Amino acid sequence: MLIGLLLAFPSYEVGYASVYADRYHGRRTASGEIYDRNKQVAAHPYLPFGTLVKVKNLRNGKWVEVRIIDRFLPTKGRFINLSRRAARLIDWRPSDRVRVSIRRLPQGVRTFVQRGVASWYGGKFHGRRSACGVKFDTYRMYAAHKTLPCGAIVRVVNLDNGRSVDVKIVDRGPYRKGRIIDLSYAAARKIGMVKKGTARVRIEVVRWPSVVRWR
């Protein structure tokens, strides 16, 4: 069972870490747990709350196990936000690259599932370089998501008509409140939401990149 759960998410991720500012000590996190800078905890873009991960500092080989209790928006290659204690145990510096691998997922968790509102985009964005470094093509099955890794394949189901489409995450967004995914014109057309502009959807990751390298 453990092997199956581990395979439901990327084998490992490589990028940069950041550290919680001390002002967050004692505040409530996205999971509802109170952040304690003296515990081995962290924030991550999408791993389920309660996931235990190993964080290895690639500069010195030091590692620590931390529990995911909060959310973190990846930016400039930084994809995990460590507690002060966790950072201290691996002798973290801002320039250090880290490798994160899953030790244990919460019982019953198999993949990433999310419900919310989808929108679509194209027009002036067609042909532009996306946040993932891909040339955006609104006539391909592409999509933008705020936190899922570039290259993930996501199944989007329109809850109003049952139609579905598989899209590849190539960009970041949408950033309007309540919206969880931005589809290309072609993907939006396939699930019948072009005219309305938005739709209630369920999204599920059907294939993760085997290795995630955060830009």
For Val211, which of the numbered conditions (1) over 25 Å from Val98 (Cβ atoms); (2) β-branched (Val, Ile, Thr); (3) modelled with pLDDT under 95 fails to hold?
(1)
Selection from region 145-177 of residues among the acidic types (Asp, Glu) and under 14 Å from Arg200 (Cα atoms) yields Asp160
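One line per residue, one yes/no per condition, for (1) touching an Asp or Glu at 6+ places or on another chain (Cβ under 7 Å); (2) of a type in the set (Gly, Ala, Ser); (3) in the same structural domain as Phe49 (by TED's automatic domain parsing):
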| position | (1), (2), (3) |
| --- | --- |
| Trp120 | yes, no, no |
| Arg128 | no, no, no |
| Ala131 | yes, yes, no |
| Ala143 | yes, yes, no |
| Thr147 | no, no, no |
| Asn158 | no, no, no |
| Arg163 | no, no, no |
| Gly192 | no, yes, no |
| Lys195 | no, no, no |
Failed condition for His126, given (1) modelled with pLDDT of 90 or more; (2) touching a Ser or Thr at 6+ places or on another chain (Cβ under 6 Å)
(1)
Among strands (runs of 3 or more DSSP E) entirely inside region 1-84, those with 3 or more residues being of a type in the set (D, E, K, R) are 63-71
So which strands (runs of 3 or more DSSP E) are wholly in region 110-215 and hold at least 2 residues that are not β-branched (Val, Ile, Thr)?
113-120, 142-144, 153-158, 164-171, 179-183, 198-207
What number of residues within region 76-109 are exposed (fewer than 13 other Cβ atoms within 10 Å of the Cβ) and either at pLDDT 90 or above or closer than 26 Å to Arg172 by Cβ (or both)?
5
Whether any residue in region 184-202 is touching a residue at least 40 places away in the same chain (Cβ under 8 Å) and under 17 Å from Pro10 (Cα atoms) is what I want to check.
no
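The values are calculated or read from the model by the stated rules, or taken from the named source; none is laboratory data. Just so it is clear, the model here is predicted, and its values are computed rather than measured. For neighbour counting, all protein chains shown are included, and Cβ atoms are generated from backbone atoms with ideal geometry for every residue, glycine included.
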